[in-house]
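The values are calculated or read from the model by the stated rules, or taken from the named source; none is laboratory data. For clarity, every value in this text was computed on a predicted model and none was experimentally measured. Cβ: placed from backbone, ideal geometry, glycine included. Neighbour counts: every protein chain shown.
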Amino acid sequence: MKKLLLTLPVLFIATFLFAQTDSADLFLNKGILEKGKGHRMESLKNFEKAYKYNSSNKIIISELASAYYDLRKYSQALETYKQLETLGEVSASTYKQLLELSFNMKKYDDVILYANKLKQLDKSEKVNYYIGKAHYERENYGQAIDVLNEAMKEDPKNAEIPYMIARCYGDMMNYKQSISYFEKAISLDQSKYSWYYELGLICYGMNDDKNALKYILLAGEKGYPKDNDYMENLGIAYLNSGNLTEGVKIMSEVLKRKPSDMNILNMVAEAYYYGGKYKEAIDYWDQCLYYDKKNASALYMIGMCYQKKGEKEKGIALCDKAIEMDPSLQSLKQKKAMPGM
């Protein structure tokens, strides 16, 4: 009897473990059945129950991870696939899932880690896009450009690759290098209106006024929101390209929404001034003075307008008054007095 009592705990534990295994298998099979019927949520519930009974079974964990992924529960899927790896499941398919999940969740250190592990197991896997994107997002532009150029060879139709290279060069203010990659990206995907707009601004930075206007207009045609910033940049592009009428028309519309925007008022005044329309220039610099009576620069330019109109004495008096308000304007007077200026 004493010997029998000693073996009862062992027997109980064995029975419990068998029951746990049977329950895990039961819910695993139910989950697979529901999965086959397309009942993804029901299959997930059964896989979760199976996992509660056996949290070290690779088949259960694999099905659970896949179910989380299918239902876009990416955080749970990532942790579950990581558990698979710790249990020794180091297949290419596991690393591919870990790579894509880390990429979707913007865990860029993990992206590089799993991309390299995947490549070690399967040399045919195209991972340079993922690695290049990770370096780009971490603002490691030099490495990003190197890797993304390799990615472009692997996937020449992926428009985002040359776009990211263009952005790398643009963020480094190497506008000349960025232009060809922007053009390449746009040729591959003409639906991205923001890319046209960015290229327009890059051309503006390069003093390429013709193409700046071209691409900003195209951005608007493709669907870029015509907010104040867009319209202001479009107006500037028209003015810079020499189309005073269209530029001022657009700027006037912006001013209806931003009537005291000193920058726009001054730009329109300057456009009129250099276009030889001195009366109109005076009107806009007068508006600058209305909002800021101590705006010496506006007063000085009004004086210059009067001089250009032939009212020399009045103009000089206004310029001198402006210099009294701001002595630094004396340099403008000296510059304009120089031969050929």
Query raised in the report: What pairs come up if the first residue lies in region 119-135 and is closer than 21 Å to MET105 by Cα, the second is part of a loop (DSSP other than H, G, I, E, B) and not aromatic (Phe, Trp, Tyr), and their beta carbons are under 8 Å apart, counting only those six or more places apart or on different chains?
Result: LYS119/GLU125; LYS119/VAL127; LYS126/ASP155; TYR129/ASP155; TYR129/ASN158
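Mind checking which residues of region 166-199 are in a helix (DSSP H, G or I) and among the hydroxyl-bearing types (Ser, Thr, Tyr)?
Hits for region 166-199 are TYR169, TYR175, SER178, SER180, TYR181, SER187, TYR193, SER194, TYR196, TYR197.
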Query raised in the report: Name the pairs whose Cβ atoms lie under 8 Å apart, with the first residue in region 294-319 and in contact (Cβ under 8 Å) with a residue 40 or more places away in the chain, the second loosely packed, with under 15 Cβ neighbours inside 10 Å, and 6 or more positions between them or separate chains?
Result: none
Report summary line: Counted residues in region 200-218 being in a helix (DSSP H, G or I) and either free of Cβ contacts under 8 Å to residues at least 24 places away in the same chain or over 26 Å from TYR141 (Cα atoms) (or both) come to 9
Query raised in the report: Which residue, of ALA77, ALA50, ALA24, is under 28 Å from SER91 (Cα atoms), out of contact with any Pro (no Cβ under 9 Å at 6 or more places or on another chain), at pLDDT below 90 and aliphatic (A, V, I, L, M)?
Result: ALA24
Query raised in the report: Out of the residues in region 266-311 that are among the acidic types (Asp, Glu) and outside any helix (DSSP H, G or I), which is nearest to SER252 (Cα to Cα)?
Result: ASP292
**Report entry** Filter result for the condition that a residue is within 22 Å of the chain's Cα centre (by Cα) and over 17 Å from LEU99 (Cα atoms), over GLY132, GLY142
**Finding:** GLY142
Query raised in the report: Does LYS30 satisfy the condition of being free of Cβ contacts under 8 Å to residues at least 60 places away in the same chain and in contact with a Phe, Trp or Tyr (Cβ under 7 Å, 6 or more places away or on another chain)?
Result: no
Query raised in the report: Based on what the data block shows, is GLU100 surrounded by 14 or more Cβ atoms within 10 Å (Cβ to Cβ), among the acidic types (Asp, Glu), closer than 23 Å to ARG72 by Cβ and over 19 Å from the mean Cα position of the chain (by Cα)?
Result: yes
Report summary line: Per the filter on region 155-168, residues acidic (Asp, Glu) and either closer than 20 Å to SER194 by Cβ or modelled with pLDDT under 95 (or both) are GLU160
Report summary line: When restricted to MET267, MET301, the only residue surrounded by 14 or more Cβ atoms within 10 Å (Cβ to Cβ) and under 30 Å from LEU218 (Cβ atoms) is MET267
Requested in this report: From the list LEU289, LEU255, pick out the single residue that is in contact with a helix residue (DSSP H, G or I) (Cβ under 7 Å, 6 or more places away or on another chain) and modelled with pLDDT of 95 or more.
Outcome: LEU289
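Would you confirm whether or not region 159-170 contains a residue that is closer than 28 Å to TYR284 by Cβ, of a type in the set (A, V, I, L, M), out of contact with any His (no Cβ under 8 Å at 6 or more places or on another chain) and surrounded by fewer than 20 Cβ atoms within 10 Å (Cβ to Cβ)?
no
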**Report entry** Unmet criterion (only one of (1) more than 27 Å from the chain's Cα centre (by Cα); (2) among the hydrophobic types (A, V, I, L, M, F, W, C); (3) surrounded by fewer than 18 Cβ atoms within 10 Å (Cβ to Cβ)) for LEU113
**Finding:** (1)
Query raised in the report: How many residues are basic (Lys, Arg) and assigned to a loop (DSSP other than H, G, I, E, B) when one looks only at region 103-154?
Result: 5
Query raised in the report: TYR53: over 26 Å from ALA134 (Cβ atoms), among the aromatic types (Phe, Trp, Tyr) and either surrounded by fewer than 20 Cβ atoms within 10 Å (Cβ to Cβ) or without any contact (Cβ under 8 Å) to a residue 24 or more places away in the chain (or both), yes or no?
Result: yes
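If you take the residues of region 212-252 that are surrounded by fewer than 15 Cβ atoms within 10 Å (Cβ to Cβ) and of a type outside the set (S, T, N, Q), which of them is modelled with the lowest pLDDT?
It comes out as GLY242.
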